[in-house]
Every structure is written in structure tokens, then in C-alpha cells.
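Only one structure is covered here, and it is reproduced in the block below.
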Amino acid sequence: MSVSRPNIATPTLREPFSAEESRLFSQLDPARLPRHVAIIMDGNGRWAKSKGMAARIFGHRAGIDSVREATRTAAALRLHALTLYAFSKENWSRPTAEIAALMELLDQFLVQERAELNDNNVRLVASGELEDLRPRTRELLEETISLTSSNTGLTLNLALSYGARAEIVRAARRAMEMARSGELSPEELTPELFSRMLDHPELGDPDLLIRTSGELRVSNFLLWQIAYSEFVVVAKLWPDFRRPDFLEAILQYQARDRRFGGVR
Ligand code: FPP
């Protein structure tokens, strides 16, 4: 069976593909691409250590290149959404200097990537308890979200100060408020309606969840939404995650038999 290569038209992907990337692209089935991919970007600290760097922030800084490349790849494949776990609620317990450096990197990313997000028709959104972010970071986030809001291609969703249990509790509170005001009766609450009370339900549930660095944990990420996501664990540390690794993960996804609890 001949499989046509996905239509790649985004400006930043006009650069020549390596032979390996072209081979992987030609193996993809364009009709069965995941609609929404979520990534747990893990291993930045270990990457810095493996390079003999004392500060973990070097790993986070190198991880930005992987964020850019994953976003370009997802946009080029015309995926609907890419959700990246950039900062968890639990990450606030890290040393103050690491948190400050991560927030600084986020600020830089939000300013420096704006033009490319727009060139690639990418809309930025964010999930999580954004009120926890410092005012400057919130301001830059809101600006970039607003500047990209009319883009119609990929939605890049950054999970920031995000914890899935906290998100579920927020949704449960919303449902309880609706019940209290008489808008909703307990019997009317269904899984579908509850899903719509979570952050960015318009993205749909992730079809594919990738975790780098070989760890086999979900770390309080999208617990409700990943009920039927296919899980691919990549041994590489996040700063080493490149386009071929993303394409390999999608190929693994395409080899899975998704039955959603049913039978063939
Ligand atoms: C986990 O690695 C990674 C994080 C806690 C932060 C991820 C952040 C980035 C990739 C850079 C900033 C992102 C954006 C979108 C601007 P770890 O530090 O837990 O690594 P370890 O498990 O090796 O210690």
C-alpha cells in the first residue's frame, strides 16, 4: 500500500529534512495521525548533570529547543493540539533559584516565539492555575495568547502551575455551584458534561501521551483526559528529544489497536 506523505506547508519546515526524517515521514499514515498529543517533558536536570553542568537550569534552557521543534513538528503534521507539561503545581516546591530561572525562561519563550507561532498559524493557550504565576509572566502569557488567538492551525497548550487533581476539584466546584444555583441537577451531571468543565475541553482528550526520560509515571498530568490515551515512553531525556523521536512515537501510536474497552 502506498502511503502519501503528510502535506507539509508550514514555513519553518521548508528546511530540508534529514534522510531519517524523510524515511519516518513516509511511513506515517496521514489518515491516522493523533488529533491531540500531550507530552511530559522530563529529564532536564539529568541532562544537565550528564553534561557536567552543576545547575539544572542548563537542562531547562536546552529543553526550549525541544519545545520549539516539537511545536514545529506538530504544526507541520497539522495536528489539532499539543499539550506540554511545562510546570506542575508540585514544581513550586523546587529551590527558589530554579523556579525563578524557569519563570525567566518562560518569559523569554513567550516573547521570542511569538513571531514563529504566528508564522506557523499556532494558537497559544494555557491550562492550570495561572493566577499562581508572577504578574510579569501572566502579562506576557496573556499578551501571547491574545496575539495568537485568531490562528487556526495547531493549538499549543502550555500546562503551567498545573495539577490534574486540582483541575478536577475546580471542575467539581463548578458543578456544585451550578447545582446550588439550580442550573444543574445531580442526575444531569454526566462524564461528557464534567469534561466540559475542565480546562480547554475544546482540545479533546489526548490520543497520545509521550513521556521522556524513561520514567513510568503520569505525575498528576491530565488524569481525567488520558483515560484512553495511548502511552509512549521514550528513553531519551527531554533536551535530546528531536523530530525523529516525535515521529517514532507517532509510528508506535499508529501500530496500536485502540479499542476503548470494546472488542473488534
Ligand atoms: C522536568 O525535568 C522538566 C520540568 C520541570 C520543566 C520543563 C520545562 C522546560 C522544558 C523549559 C521551559 C518550557 C517552556 C514551555 C518555556 P526535571 O527538571 O524534573 O528533570 P530530572 O527529572 O532529570 O531532574
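The values are calculated or read from the model by the stated rules, or taken from the named source; none is laboratory data. Treat the numbers as computed from the prediction; the structure is a model and nothing was measured. Heads up, the Cβs are rebuilt from the backbone with ideal geometry, glycines too, and the neighbour counts pull from every protein chain shown.
Exactly one residue out of L198, L247 is under 18 Å from the mean Cα position of the chain (by Cα) and in a loop (DSSP other than H, G, I, E, B): that is L198.
The one condition from (1) more than 9 Å from the ligand (Cβ to nearest atom); (2) of a type outside the set (F, W, Y); (3) within 27 Å of P201 (Cα to Cα) that E20 does not meet is (3).
Between E215, E230, E192, E248, which is at pLDDT 95 or above and within 14 Å of the ligand (Cβ to nearest atom)? None of the other options fit; the residue is E215. If you check M41 against the conditions, is it near the ligand (Cβ under 9 Å from one of its atoms), surrounded by 15 or more Cβ atoms within 10 Å (Cβ to Cβ) and aliphatic (A, V, I, L, M)? Here the answer is yes, as M41 does meet what is asked.
Take the residues of the range 49-69 that are more than 8 Å from the ligand (Cβ to nearest atom) and assigned to a loop (DSSP other than H, G, I, E, B): which is modelled with the lowest pLDDT? Among them, the one singled out is A54.
Contact annotation: residue pairs with Cβ atoms under 6 Å, 6 or more positions apart or on different chains, pairing a residue in the range 19-44 that is without any contact (Cβ under 8 Å) to a residue 40 or more places away in the chain with a partner that is away from the ligand (no atom under 16 Å from the Cβ), are S26/R5; P30/P6.
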